[in-house]
1. Scan region 6-14 and give yes if some residue there is touching a residue at least 40 places away in the same chain (Cβ under 8 Å), buried (at least 19 other Cβ atoms within 10 Å of the Cβ), among the aromatic types (Phe, Trp, Tyr) and in the same structural domain as Glu148 (by TED's automatic domain parsing), otherwise no.
2. Take the conditions farther than 26 Å from Ala129 by Cα, crowded, with 18+ Cβ neighbours inside 10 Å and of a type outside the set (D, E, K, R) and apply them to Met41. Does it pass?
3. With the structure loaded, tell me whether Gln214 is assigned to a helix (DSSP H, G or I), over 30 Å from Tyr169 (Cβ atoms) and in contact (Cβ under 8 Å) with a residue 12 or more places away in the chain or whether it fails that test.
4. Assess whether Ile6 counts as being outside any loop (DSSP other than H, G, I, E, B), among the aliphatic types (A, V, I, L, M), farther than 26 Å from Arg121 by Cβ and modelled with pLDDT under 90.
5. Among the residues of region 117-155, what is the count of those that are part of a helix (DSSP H, G or I), farther than 24 Å from Tyr10 by Cα and not small (Gly, Ala, Ser)?
6. Name the residue, out of Ala119, Ala156, that is more than 20 Å from Asn81 (Cα to Cα) and of a type in the set (A, V, I, L, M).
7. Could we say that Leu264 is assigned by TED's automatic domain parsing to the domain that holds Arg294, hydrophobic (A, V, I, L, M, F, W, C) and in contact with a Phe, Trp or Tyr (Cβ under 9 Å, 6 or more places away or on another chain) here?
8. Restricting to region 248-305, what's the tally of residues that are over 22 Å from Glu236 (Cα atoms) and part of a loop (DSSP other than H, G, I, E, B)?
Amino acid sequence: MKIGEIIRKYRKEKNLTQEEMANRLGVTAPAVNKWENGNSMPDLTLIAPICRLLDITPDILLSFQEELTVEEISLFIKELNHKLKTEPFAHVFSWAKKKSEQYPNCEQLLWQTALVLDAWRKTHDVPDAETYDAYICACYTRALESEEEAIRTLAADSLFGFYTTAGEYEKAEGFLAYFSEQNPERKRKQAFLYSKTGRTEEAWKAYEELLFSQYQMASMVLQSLNALAIQENNLEKAHFLTEKQTQLAKIFEMGKYHELYCQLDFALEKKDADSTIKLAKELLESTSTLSHFRNTPLYEHMTFQELGPSFFPELQKNLMQQFQTDDAFDFLKEDAHWKAFIK
């Protein structure tokens, strides 16, 4: 942070106008304006008066160290935790505040310091715990200005928790904008706010949509892990992952079709004729369960696209075509049971 930005920040915290600051320092308001906009620098003789007026140290004003390393921040947080265990909270708070003010441009330090202090006062018997609200909230808000998306998201998460704890749900909802649309935490937090503000139907639907999408993600990840195991010819691991996929489909009530499909892939990889034929038949017979999840209470508040009358017959037809043309089934060409089945 540049010196002009620091002057502006602390001047506003003191509720001083540029003109009021200028009068107290014996300069003009345009001079203060030029400092804050980076068009000029205060005279060296004004450094001490500015610091006294804004109640900051020359280290803060001149920002001797622009950034802290991750290691330095970790050491500071470690020391902070140690002090909290051995010293009164009020003393540690003052120490941490002064320390973090030496690096006003380090949003990660501000956020982590506020997070530790916030968590400690919530989990321990801290006298007048609410008197620290303003500073902690200010640190979180300052971290929202970070150029790093990860820090902005963490700060927004902290502010969301801060205001939901206080029951200020409308304020909390405003911080959801800092979460990516693809971040499932955004939807989970939105569902939580729905449940707290009387929007029960919306809460049910949001939670169910989140659950449904998490099944799809988990299933795809297990399938990819399975492919890796097969690529390494580790059939024992592949069998283990296949079982997990089956259990996942059962837990999320996806229906028999989803439970069988991954098992058929594994039987094909093993070239297990009996299992492949058995599973192929069961899969064909269970096509109607492909949409089983539509009728389970687990997703009863969700709206799914209607399936036409030709959907399941077409699915069976496509499956039979796959059985007849997919090279993976070639090892069954001369099997009498397989011939009878595909005909």
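1. Scanning region 6-14, I find no residue that is touching a residue at least 40 places away in the same chain (Cβ under 8 Å), buried (at least 19 other Cβ atoms within 10 Å of the Cβ), among the aromatic types (Phe, Trp, Tyr) and in the same structural domain as Glu148 (by TED's automatic domain parsing), so the answer is no.
2. It is false that Met41 is farther than 26 Å from Ala129 by Cα, crowded, with 18+ Cβ neighbours inside 10 Å and of a type outside the set (D, E, K, R).
3. Values: assigned to a helix (DSSP H, G or I): yes; over 30 Å from Tyr169 (Cβ atoms): no; in contact (Cβ under 8 Å) with a residue 12 or more places away in the chain: yes.
No; evaluated as a whole, the condition is false for this residue.
4. yes
5. 7
6. Numbers: Ala119 fails: more than 20 Å from Asn81 (Cα to Cα).
Every option except Ala156 fails the conditions.
7. Details: assigned by TED's automatic domain parsing to the domain that holds Arg294: yes; hydrophobic (A, V, I, L, M, F, W, C): yes; in contact with a Phe, Trp or Tyr (Cβ under 9 Å, 6 or more places away or on another chain): no.
Spelling it out, it is not the case that Leu264 is assigned by TED's automatic domain parsing to the domain that holds Arg294, hydrophobic (A, V, I, L, M, F, W, C) and in contact with a Phe, Trp or Tyr (Cβ under 9 Å, 6 or more places away or on another chain).
8. 12
The values are calculated or read from the model by the stated rules, or taken from the named source; none is laboratory data. Here the structure is a predicted model, which means the values were calculated and not measured. All Cβ positions, even for glycine, are placed from backbone atoms using ideal geometry, and neighbour counts span all protein chains on display.
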